[in-house]
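The values are calculated or read from the model by the stated rules, or taken from the named source; none is laboratory data. All of these numbers come straight from a predicted model, not from anything done at the bench. Glycine gets a Cβ as well: all are built from the backbone with ideal geometry, and neighbour counts include every protein chain shown. Surface areas here come from the heavy atoms of the whole protein model, side chains and all, with no ligands, DNA or RNA. Shrake-Rupley method; radii C 1.70, N 1.55, O 1.52, S 1.80 Å.
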Amino acid sequence: MLLETDDETVIDSLNRNAREVAVEQFGNTVWLRALIEWSNVCRNDCLYCGIRRSNPHIARYSLSHEQILSCCDQAWKLGLRTFVLQGGENPSAAAALAQTVAEIRASWPEAAITLSLGELPYDTYALLRRSGANRYLLRHETANPVHYARLHPASMRLETRLACLRQLQELGFRTGMGIMVGSPYQTIGDLIADIRLIEAFRPGMIGIGPFIPQPDTPFGDRPAGSAALTLRLYAILRLMLPSVWIPATTALGTLLPGGRKAGILAGANVMMPNFTPPAQRNAYALYAGKTDSAREAADNLTLVLQELESIGYHV
Ligand code: SAH
(Lines give C-alpha, C1' and ligand atoms only; values in the text may rest on other atoms or scores of the structure.)
Protein backbone atom coordinates (compact mmCIF):
# COMPACT_ATOMS: atom_id res chain seq x y z
CA MET A 1 0.00 0.00 0.00
CA LEU A 2 1.24 3.51 -0.88
CA LEU A 3 1.06 4.77 2.69
CA GLU A 4 3.28 2.00 4.00
CA THR A 5 5.69 1.19 1.19
CA ASP A 6 9.40 1.87 1.57
CA ASP A 7 10.14 0.97 -2.04
CA GLU A 8 12.16 3.95 -3.27
CA THR A 9 11.11 3.62 -6.90
CA VAL A 10 7.44 3.70 -5.92
CA ILE A 11 8.00 6.71 -3.64
CA ASP A 12 10.00 8.54 -6.33
CA SER A 13 7.35 8.05 -8.94
CA LEU A 14 4.60 9.05 -6.51
CA ASN A 15 6.43 12.30 -5.75
CA ARG A 16 7.20 12.93 -9.41
CA ASN A 17 3.55 12.46 -10.38
CA ALA A 18 2.34 14.69 -7.55
CA ARG A 19 4.86 17.37 -8.50
CA GLU A 20 3.77 17.21 -12.15
CA VAL A 21 0.14 17.67 -11.17
CA ALA A 22 1.07 20.63 -8.94
CA VAL A 23 3.12 22.23 -11.72
CA GLU A 24 0.23 21.73 -14.19
CA GLN A 25 -2.06 23.52 -11.74
CA PHE A 26 0.19 26.26 -10.39
CA GLY A 27 3.35 26.34 -12.52
CA ASN A 28 6.74 26.36 -10.76
CA THR A 29 5.21 28.74 -8.30
CA VAL A 30 4.79 28.64 -4.55
CA TRP A 31 2.30 30.91 -2.82
CA LEU A 32 3.44 32.65 0.34
CA ARG A 33 1.20 33.46 3.30
CA ALA A 34 2.24 35.64 6.22
CA LEU A 35 1.62 33.75 9.45
CA ILE A 36 0.74 36.00 12.39
CA GLU A 37 0.35 34.10 15.64
CA TRP A 38 -1.79 36.73 17.22
CA SER A 39 -2.51 35.15 20.65
CA ASN A 40 -1.67 32.05 22.69
CA VAL A 41 -4.54 32.46 25.13
CA CYS A 42 -6.67 29.30 24.81
CA ARG A 43 -9.70 27.83 26.58
CA ASN A 44 -8.98 24.32 25.31
CA ASP A 45 -6.82 21.62 26.75
CA CYS A 46 -5.76 19.52 23.75
CA LEU A 47 -3.34 16.93 25.09
CA TYR A 48 -0.72 17.49 22.36
CA CYS A 49 -0.64 21.28 22.28
CA GLY A 50 1.81 23.53 24.10
CA ILE A 51 -0.61 26.45 24.40
CA ARG A 52 -3.23 24.26 26.12
CA ARG A 53 -5.02 25.96 29.00
CA SER A 54 -3.36 23.94 31.74
CA ASN A 55 0.22 24.64 30.68
CA PRO A 56 1.48 27.14 33.28
CA HIS A 57 4.96 27.36 31.76
CA ILE A 58 4.32 29.79 28.93
CA ALA A 59 3.79 33.52 29.14
CA ARG A 60 0.40 34.33 27.65
CA TYR A 61 0.15 37.20 25.17
CA SER A 62 -2.21 38.71 22.66
CA LEU A 63 -0.96 41.12 20.01
CA SER A 64 -2.66 44.50 20.05
CA HIS A 65 -4.70 45.81 17.15
CA GLU A 66 -1.75 48.06 16.23
CA GLN A 67 0.78 45.23 16.42
CA ILE A 68 -1.33 43.05 14.12
CA LEU A 69 -1.72 45.86 11.58
CA SER A 70 2.00 46.50 11.70
CA CYS A 71 2.73 42.78 10.98
CA CYS A 72 0.37 42.99 7.99
CA ASP A 73 2.04 46.17 6.80
CA GLN A 74 5.46 44.56 6.98
CA ALA A 75 4.22 41.48 5.11
CA TRP A 76 2.47 43.54 2.42
CA LYS A 77 5.58 45.64 1.82
CA LEU A 78 7.60 42.45 1.36
CA GLY A 79 5.13 41.34 -1.29
CA LEU A 80 2.88 38.92 0.61
CA ARG A 81 -0.82 39.08 -0.25
CA THR A 82 -2.35 36.72 2.30
CA PHE A 83 -2.39 37.30 6.04
CA VAL A 84 -3.06 34.31 8.30
CA LEU A 85 -4.17 35.18 11.83
CA GLN A 86 -3.81 32.13 14.02
CA GLY A 87 -4.34 31.78 17.74
CA GLY A 88 -5.69 29.88 20.70
CA GLU A 89 -9.42 29.33 21.00
CA ASN A 90 -10.90 32.31 22.75
CA PRO A 91 -14.43 33.18 21.57
CA SER A 92 -14.76 36.65 23.10
CA ALA A 93 -11.33 37.70 21.85
CA ALA A 94 -12.20 36.25 18.43
CA ALA A 95 -15.36 38.36 18.27
CA ALA A 96 -13.36 41.44 19.25
CA LEU A 97 -10.80 40.61 16.54
CA ALA A 98 -13.52 41.33 13.96
CA GLN A 99 -12.65 45.04 14.25
CA THR A 100 -9.04 44.35 13.37
CA VAL A 101 -10.15 42.13 10.49
CA ALA A 102 -12.36 44.96 9.21
CA GLU A 103 -9.46 47.37 9.35
CA ILE A 104 -7.13 44.97 7.55
CA ARG A 105 -9.81 44.58 4.88
CA ALA A 106 -10.16 48.35 4.52
CA SER A 107 -6.40 48.95 4.38
CA TRP A 108 -5.58 46.12 1.95
CA PRO A 109 -8.71 45.44 -0.11
CA GLU A 110 -6.91 42.96 -2.38
CA ALA A 111 -5.37 40.89 0.40
CA ALA A 112 -6.76 37.52 1.44
CA ILE A 113 -7.45 37.23 5.16
CA THR A 114 -7.20 33.73 6.59
CA LEU A 115 -8.24 32.96 10.15
CA SER A 116 -7.38 29.96 12.34
CA LEU A 117 -9.05 30.56 15.68
CA GLY A 118 -10.60 27.22 16.52
CA GLU A 119 -14.25 26.40 17.22
CA LEU A 120 -16.42 29.50 17.54
CA PRO A 121 -20.17 30.18 17.65
CA TYR A 122 -21.83 30.44 14.24
CA ASP A 123 -22.56 34.13 14.84
CA THR A 124 -18.89 34.87 15.43
CA TYR A 125 -17.88 33.05 12.25
CA ALA A 126 -20.55 35.09 10.42
CA LEU A 127 -19.32 38.34 11.98
CA LEU A 128 -15.72 37.60 10.99
CA ARG A 129 -16.85 36.75 7.46
CA ARG A 130 -18.81 40.02 7.19
CA SER A 131 -15.79 41.89 8.50
CA GLY A 132 -13.81 40.71 5.50
CA ALA A 133 -12.15 37.40 6.38
CA ASN A 134 -12.36 34.98 3.48
CA ARG A 135 -10.53 31.82 4.51
CA TYR A 136 -10.50 29.65 7.64
CA LEU A 137 -8.22 26.83 8.74
CA LEU A 138 -9.61 24.32 11.22
CA ARG A 139 -7.81 21.00 11.25
CA HIS A 140 -10.17 18.16 12.06
CA GLU A 141 -7.14 16.42 13.72
CA THR A 142 -8.45 12.87 13.09
CA ALA A 143 -11.45 11.36 11.33
CA ASN A 144 -11.81 8.63 13.95
CA PRO A 145 -13.97 9.71 16.93
CA VAL A 146 -12.30 7.17 19.25
CA HIS A 147 -8.87 8.52 18.32
CA TYR A 148 -10.19 12.07 18.67
CA ALA A 149 -11.27 11.30 22.23
CA ARG A 150 -7.75 10.15 23.12
CA LEU A 151 -6.22 13.42 21.90
CA HIS A 152 -8.69 15.80 23.51
CA PRO A 153 -10.49 16.38 26.81
CA ALA A 154 -14.00 14.92 27.06
CA SER A 155 -15.57 18.33 26.48
CA MET A 156 -14.31 18.33 22.88
CA ARG A 157 -16.02 16.31 20.16
CA LEU A 158 -15.14 15.48 16.59
CA GLU A 159 -18.79 16.05 15.68
CA THR A 160 -18.59 19.67 16.87
CA ARG A 161 -15.43 20.27 14.89
CA LEU A 162 -16.95 18.83 11.72
CA ALA A 163 -20.11 20.89 12.26
CA CYS A 164 -17.91 24.01 12.51
CA LEU A 165 -16.20 23.08 9.24
CA ARG A 166 -19.58 22.74 7.51
CA GLN A 167 -20.71 26.12 8.91
CA LEU A 168 -17.54 27.77 7.66
CA GLN A 169 -18.08 26.36 4.18
CA GLU A 170 -21.71 27.49 4.22
CA LEU A 171 -20.64 31.01 5.15
CA GLY A 172 -18.45 31.11 2.06
CA PHE A 173 -15.04 30.76 3.70
CA ARG A 174 -12.45 28.90 1.66
CA THR A 175 -11.99 26.22 4.28
CA GLY A 176 -8.99 24.16 5.32
CA MET A 177 -8.92 20.94 7.32
CA GLY A 178 -6.10 18.59 8.24
CA ILE A 179 -4.24 16.47 10.74
CA MET A 180 -0.98 15.85 12.54
CA VAL A 181 0.92 12.85 11.21
CA GLY A 182 2.00 10.48 13.96
CA SER A 183 -0.15 11.90 16.71
CA PRO A 184 -0.28 9.46 19.65
CA TYR A 185 -2.44 6.33 19.01
CA GLN A 186 -2.82 7.13 15.29
CA THR A 187 -3.03 4.05 13.05
CA ILE A 188 -2.70 3.62 9.28
CA GLY A 189 -6.44 2.92 9.32
CA ASP A 190 -7.01 6.35 10.87
CA LEU A 191 -4.96 7.98 8.10
CA ILE A 192 -7.04 6.20 5.47
CA ALA A 193 -10.18 7.50 7.17
CA ASP A 194 -8.64 11.00 7.13
CA ILE A 195 -7.95 10.76 3.40
CA ARG A 196 -11.52 9.58 2.77
CA LEU A 197 -13.00 12.36 4.92
CA ILE A 198 -10.90 15.03 3.17
CA GLU A 199 -11.92 13.60 -0.20
CA ALA A 200 -15.61 13.75 0.72
CA PHE A 201 -15.44 17.21 2.29
CA ARG A 202 -13.46 18.78 -0.58
CA PRO A 203 -11.72 21.52 1.40
CA GLY A 204 -9.95 24.39 -0.37
CA MET A 205 -6.81 23.82 1.71
CA ILE A 206 -5.23 20.94 3.62
CA GLY A 207 -2.92 21.55 6.60
CA ILE A 208 -0.78 18.54 7.46
CA GLY A 209 2.34 18.45 9.61
CA PRO A 210 4.08 15.88 11.76
CA PHE A 211 3.23 15.67 15.46
CA ILE A 212 6.13 17.09 17.51
CA PRO A 213 6.09 16.55 21.28
CA GLN A 214 6.00 19.59 23.53
CA PRO A 215 7.60 18.83 26.92
CA ASP A 216 4.97 20.68 28.98
CA THR A 217 2.10 18.56 27.66
CA PRO A 218 0.82 15.06 28.58
CA PHE A 219 2.29 13.81 25.28
CA GLY A 220 5.67 15.42 25.96
CA ASP A 221 7.54 12.12 25.91
CA ARG A 222 5.86 10.62 22.85
CA PRO A 223 7.85 10.12 19.66
CA ALA A 224 7.48 12.67 16.87
CA GLY A 225 5.59 11.77 13.73
CA SER A 226 7.34 10.79 10.53
CA ALA A 227 8.42 13.43 8.02
CA ALA A 228 8.47 10.79 5.28
CA LEU A 229 4.84 9.85 5.95
CA THR A 230 3.88 13.53 5.96
CA LEU A 231 5.44 13.92 2.50
CA ARG A 232 3.65 10.76 1.36
CA LEU A 233 0.31 12.29 2.34
CA TYR A 234 1.06 15.53 0.47
CA ALA A 235 1.72 13.52 -2.67
CA ILE A 236 -1.35 11.29 -2.33
CA LEU A 237 -3.66 14.22 -1.60
CA ARG A 238 -2.20 16.26 -4.47
CA LEU A 239 -3.05 13.41 -6.85
CA MET A 240 -6.56 13.05 -5.39
CA LEU A 241 -7.38 16.77 -5.25
CA PRO A 242 -5.25 18.46 -7.95
CA SER A 243 -6.26 22.07 -7.26
CA VAL A 244 -6.28 22.03 -3.44
CA TRP A 245 -3.78 24.25 -1.58
CA ILE A 246 -1.29 22.29 0.50
CA PRO A 247 1.21 24.17 2.65
CA ALA A 248 4.61 22.68 3.36
CA THR A 249 4.20 23.27 7.09
CA THR A 250 6.48 24.79 9.70
CA ALA A 251 6.25 21.56 11.72
CA LEU A 252 7.66 19.63 8.75
CA GLY A 253 10.50 22.18 8.42
CA THR A 254 11.16 21.84 12.15
CA LEU A 255 11.40 18.07 12.11
CA LEU A 256 13.41 17.69 8.92
CA PRO A 257 16.08 20.14 7.72
CA GLY A 258 14.97 21.23 4.26
CA GLY A 259 11.58 19.66 4.98
CA ARG A 260 9.56 22.45 3.48
CA LYS A 261 11.54 22.18 0.26
CA ALA A 262 10.90 18.44 0.23
CA GLY A 263 7.21 19.26 0.78
CA ILE A 264 7.11 21.37 -2.39
CA LEU A 265 8.83 18.55 -4.28
CA ALA A 266 6.10 16.18 -3.03
CA GLY A 267 3.26 18.36 -4.35
CA ALA A 268 2.72 21.10 -1.74
CA ASN A 269 2.30 24.61 -3.17
CA VAL A 270 2.16 27.01 -0.22
CA MET A 271 4.64 28.22 2.41
CA MET A 272 3.86 30.30 5.45
CA PRO A 273 6.80 32.39 6.65
CA ASN A 274 6.32 33.60 10.19
CA PHE A 275 5.57 37.30 10.71
CA THR A 276 4.86 37.12 14.44
CA PRO A 277 7.13 39.59 16.26
CA PRO A 278 10.14 37.59 17.55
CA ALA A 279 9.36 38.63 21.15
CA GLN A 280 6.07 36.71 21.07
CA ARG A 281 6.96 33.95 18.67
CA ASN A 282 8.63 31.75 21.25
CA ALA A 283 5.60 31.90 23.49
CA TYR A 284 3.50 30.47 20.66
CA ALA A 285 4.98 27.11 21.57
CA LEU A 286 2.60 24.58 20.01
CA TYR A 287 5.51 22.14 19.91
CA ALA A 288 9.24 22.08 20.73
CA GLY A 289 12.04 23.55 18.63
CA LYS A 290 9.88 25.52 16.20
CA THR A 291 11.94 26.49 13.17
CA ASP A 292 12.76 30.15 12.45
CA SER A 293 11.79 31.05 15.99
CA ALA A 294 14.28 33.84 16.63
CA ARG A 295 14.76 35.51 13.27
CA GLU A 296 13.13 38.68 12.01
CA ALA A 297 10.30 38.12 9.55
CA ALA A 298 12.22 39.57 6.62
CA ASP A 299 15.11 37.16 7.29
CA ASN A 300 12.71 34.24 7.41
CA LEU A 301 11.37 35.29 4.07
CA THR A 302 14.86 35.44 2.58
CA LEU A 303 15.49 31.89 3.78
CA VAL A 304 12.25 30.65 2.24
CA LEU A 305 13.10 32.35 -1.06
CA GLN A 306 16.58 30.78 -1.06
CA GLU A 307 15.12 27.32 -0.41
CA LEU A 308 12.70 27.73 -3.29
CA GLU A 309 15.27 29.11 -5.70
CA SER A 310 17.51 26.13 -5.02
CA ILE A 311 14.81 23.83 -6.46
CA GLY A 312 13.88 26.10 -9.37
CA TYR A 313 10.66 27.52 -7.93
CA HIS A 314 9.62 31.14 -7.56
CA VAL A 315 6.88 32.89 -5.63
N1 SAH B 1 -6.57 26.96 18.13
C2 SAH B 1 -6.68 26.87 16.71
C3 SAH B 1 -5.40 27.03 15.95
C4 SAH B 1 -4.10 26.86 16.67
S5 SAH B 1 -3.46 25.24 16.79
C6 SAH B 1 -7.37 25.60 16.34
O7 SAH B 1 -7.85 24.88 17.21
O8 SAH B 1 -7.50 25.32 15.15
C9 SAH B 1 -3.05 24.88 15.12
C10 SAH B 1 -2.67 23.45 14.82
O11 SAH B 1 -1.41 23.14 15.39
C12 SAH B 1 -3.58 22.41 15.42
O13 SAH B 1 -4.70 22.23 14.60
C14 SAH B 1 -2.69 21.18 15.49
O15 SAH B 1 -2.93 20.29 14.42
C16 SAH B 1 -1.27 21.75 15.42
N17 SAH B 1 -0.50 21.36 16.61
C18 SAH B 1 -0.81 21.57 17.91
N19 SAH B 1 0.08 20.97 18.72
C20 SAH B 1 0.98 20.36 17.91
C21 SAH B 1 2.14 19.54 18.15
N22 SAH B 1 2.54 19.22 19.39
N23 SAH B 1 2.82 19.07 17.08
C24 SAH B 1 2.44 19.40 15.83
N25 SAH B 1 1.36 20.13 15.55
C26 SAH B 1 0.63 20.62 16.58
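Inspect the range 140-154 for any residue being over 17 Å from the mean Cα position of the chain (by Cα) and among the acidic types (D, E) and give the result as yes or no.
Within the range 140-154, none of the residues are over 17 Å from the mean Cα position of the chain (by Cα) and among the acidic types (D, E).
Being open to solvent by less than 20 Å² (accessible area, probe 1.4 Å) and over 18 Å from C72 (Cβ atoms) is the filter here; which residues of the range 284-303 pass it?
Those that are open to solvent by less than 20 Å² (accessible area, probe 1.4 Å) and over 18 Å from C72 (Cβ atoms): A285, D292.
State yes or no: is A248 buried (at least 19 other Cβ atoms within 10 Å of the Cβ) and either within 26 Å of Q306 (Cβ to Cβ) or away from the ligand (no atom under 13 Å from the Cβ) (or both)?
yes
Checking the condition within 12 Å of the ligand (Cβ to nearest atom) and open to solvent by 70 Å² or more (accessible area, probe 1.4 Å), which residue from R53, R16 passes?
It is R53.
Here is a yes/no grid of residues against (1) open to solvent by 30 Å² or more (accessible area, probe 1.4 Å); (2) part of a helix (DSSP H, G or I); (3) over 22 Å from G207 (Cβ atoms); (4) within 15 Å of the ligand (Cβ to nearest atom):
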site: H57; (1), (2), (3), (4): yes, no, yes, yes
site: R60; (1), (2), (3), (4): yes, no, yes, yes
site: I68; (1), (2), (3), (4): no, yes, no, no
site: E89; (1), (2), (3), (4): no, no, no, yes
site: A94; (1), (2), (3), (4): no, yes, no, yes
site: T100; (1), (2), (3), (4): no, yes, yes, no
site: E103; (1), (2), (3), (4): yes, yes, yes, no
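Given the conditions (1) assigned to a helix (DSSP H, G or I); (2) more than 16 Å from the ligand (Cβ to nearest atom); (3) crowded, with 18+ Cβ neighbours inside 10 Å, and given that L80 satisfies all but one, which numbered condition is not satisfied?
For L80, the failing item is (1).
How many residues does the range 22-70 hold that are within 16 Å of V270 (Cα to Cα) and either touching a His at 6+ places or on another chain (Cβ under 8 Å) or of a type in the set (D, E) (or both)?
Qualifying residue count, the range 22-70: 4.
Starting from the range 77-95, take each residue that is farther than 29 Å from D45 by Cα and list its partners that are at pLDDT below 95, counting only C-beta distances under 7 angstrom and pairs at least six apart or across chains.
Sorted first by the residue in the range 77-95, then by its partner, the pairs are L78/A298; L78/L301.
Considering only residues of the range 19-50 that are crowded, with 21+ Cβ neighbours inside 10 Å and of a type in the set (F, W, Y), which is farthest from the ligand (Cβ to nearest atom)?
Of everything passing the filter in the range 19-50, W38 is farthest from the ligand (Cβ to nearest atom).
Would you please name the residue that is surrounded by the fewest Cβ atoms within 10 Å (Cβ to Cβ), looking only at residues in the range 111-136 that are near the ligand (Cβ under 10 Å from one of its atoms) and in a strand (DSSP E or B)?
Per the criteria, the residue is S116.
Would you call Y148 over 21 Å from L32 (Cα atoms), at pLDDT 95 or above and either touching a Leu at 6+ places or on another chain (Cβ under 7 Å) or surrounded by fewer than 19 Cβ atoms within 10 Å (Cβ to Cβ) (or both)?
Judged against the criteria, Y148 is a match.
Go through the range 200-237 and give me each residue that's hydroxyl-bearing (S, T, Y) and either surrounded by fewer than 20 Cβ atoms within 10 Å (Cβ to Cβ) or in contact with a Phe, Trp or Tyr (Cβ under 9 Å, 6 or more places away or on another chain) (or both).
Hits for the range 200-237 are T217, S226.
Could you say whether any residue in the range 204-213 is aromatic (F, W, Y) and free of Cβ contacts under 8 Å to residues at least 40 places away in the same chain?
Checked the range 204-213: no residue is aromatic (F, W, Y) and free of Cβ contacts under 8 Å to residues at least 40 places away in the same chain.
Restrict the check to the range 226-244 and report whether at least one residue is modelled with pLDDT under 95 and within 12 Å of the ligand (Cβ to nearest atom).
Within the range 226-244, none of the residues are modelled with pLDDT under 95 and within 12 Å of the ligand (Cβ to nearest atom).
So is G263 buried (at least 24 other Cβ atoms within 10 Å of the Cβ), modelled with pLDDT under 95 and touching a helix residue (DSSP H, G or I) at 6+ places or on another chain (Cβ under 6 Å) or not?
Spelling it out, it is not the case that G263 is buried (at least 24 other Cβ atoms within 10 Å of the Cβ), modelled with pLDDT under 95 and touching a helix residue (DSSP H, G or I) at 6+ places or on another chain (Cβ under 6 Å).
Please give the helices (runs of 4 or more DSSP H) falling wholly within the range 137-222 in which 2 or more residues are of a type in the set (S, T, Y) and within 13 Å of the ligand (Cβ to nearest atom).
Passing ranges: none, list empty.
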